[in-house]
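Comments concern the structure below.
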Amino acid sequence: MSTPPPAKPAPVRSAVTKRDFVLAVWEALDCESVGARELEQIQLEVAHRFGPTTVDSPAAIARMLADEGAYLRHPEVLECDSRWRQNNLSERFSGTLDFSSLSVAIRSLEILEQRRLAALDDPRRLRELREAAMEEKADCLFRGASPVMEPAERAAAEEVGSWLGVWLQTPELFSSWLELRRLSPDFREKFGAVTC
């Protein structure tokens with residue numbers, strides 16, 4: 001049984017940007033540490049103020065709060081983020097994208113690129129794909145910095161996060177870049193040969 005979310009914070013009217021609003025809600029929650037309850041409350045407030053499609057992942061919000069000095073309850077944050085992604089991304093992409101390891105990330109990036117090419121005439125769909133990739137990148141970077149993850153898992157998450165960054169910047173060159181990256185001595189030393 002999960003504990004109920006904290007009491008709804010007082011409305012924050014002075015915050016202009018979504019980032020400012022998230023920080024103001026966090027301050028209004030007046031909590032010493034941040035975990036699932038606080039992140040879910042912040043997501044609810046963001047959805048109420050800016051609309052449901054503007055809600056960032058729990059990992060992205062946690063990263064933002066950590067940059068501002070919040071103490072994170074990492075296991076809770078990871079579990080909350082995983083649960084949110086499973087619900088959110090499965091609704092948008094039928095659960096076909098998975099960036100939890102190098103080999104499945106390669107296949108997911110191929111699918112992401114196929115969908116990008118199919119959506120070149122649909123700006124809304126392109127924006128959704130980019131947003132999903134940015135959320136996944138934030139999640140990978142969060143996992144890569146998490147002290148509760150094993151070093152090999154952190155390294156793989158950081159690697160996949162960098163792949164997503166390249167795809168976001170130059171999707172048309174990504175496949176060639178990834179092939180060269182996988183052949184590089186640095187990659188082979190860290191990860192060996194990775195197959196899909």
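Quick note: the coordinates plus some simple rules give every number you see, no bench work behind them. Not measured: the values here are computed from a predicted model. Here Cβ is always computed from backbone atoms with ideal geometry, including for glycine, and neighbour counts include all displayed protein chains.
The table below lists the values:
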| quantity | calculated |
| --- | --- |
| Taking ILE106, ILE42, ILE111 and counting other C-beta atoms within 10 Å, the order from fewest to most | ILE111, ILE106, ILE42 |
| Mean Kyte hydropathy of -1.0 or more with a Cα span along the axis of at least 15 Å, helices from DSSP in the chain | 18-29, 36-50, 102-118, 123-145, 151-169 |
| Residues whose placed amide H lies under 5 Å from that of LEU72, excluding near-sequence neighbours | VAL34 |
| Anisotropy class of region 96-196 from Cα gyration tensor, a/c 1.5 cut | oblate |
| Relative contact order [Cα under 8 Å, 6+ residues apart], the chain, whole percent | 16 |
| Dipole of region 69-161, positive direction: furthest Cα of PRO123, PHE142, TYR71, with charges on the beta-carbon | PRO123 |
| FRET efficiency estimate (nearest 0.05) - Cβ-Cβ, GLN114 to ASP67, R0 45 angstrom | 0.85 |
| Computed lengthening from ALA47 to VAL166, 0.36 nm per intervening residue step minus Cα-Cα distance | 39.9 nm |
| Calculated [θ] (222 nm, deg cm²/dmol) that DSSP helices of n ≥ 4 give over the chain, each run adding -39,500 (n - 2.57) | -22000 deg cm²/dmol |
| Positive-end residue of LEU183, HIS48, SER103, charge dipole of the chain with Cβ unit charges | HIS48 |
| Among SER101, SER176, SER57, residue whose mean-square fluctuation peaks in a GNM of the chain (springs only between Cα atoms under 10 Å) | SER176 |
| Two-site FRET efficiency, VAL148 against ARG19, from Cβ-Cβ distance with R₀ of 25 Å, rounded to 0.05 | 0.45 |
| Under 15 Å, Cβ to Cβ, from GLU150 - net charge with Lys/Arg +1 and Asp/Glu -1 | 0 |
| Ranked by how many other beta carbons lie within 10 Å on average, peptides 168-175, 112-119 from highest | 112-119, 168-175 |
| Charge dipole magnitude, Cβ of K and R +1, D and E -1 - the chain, Cα centre, debye nearest 20 | 360 |
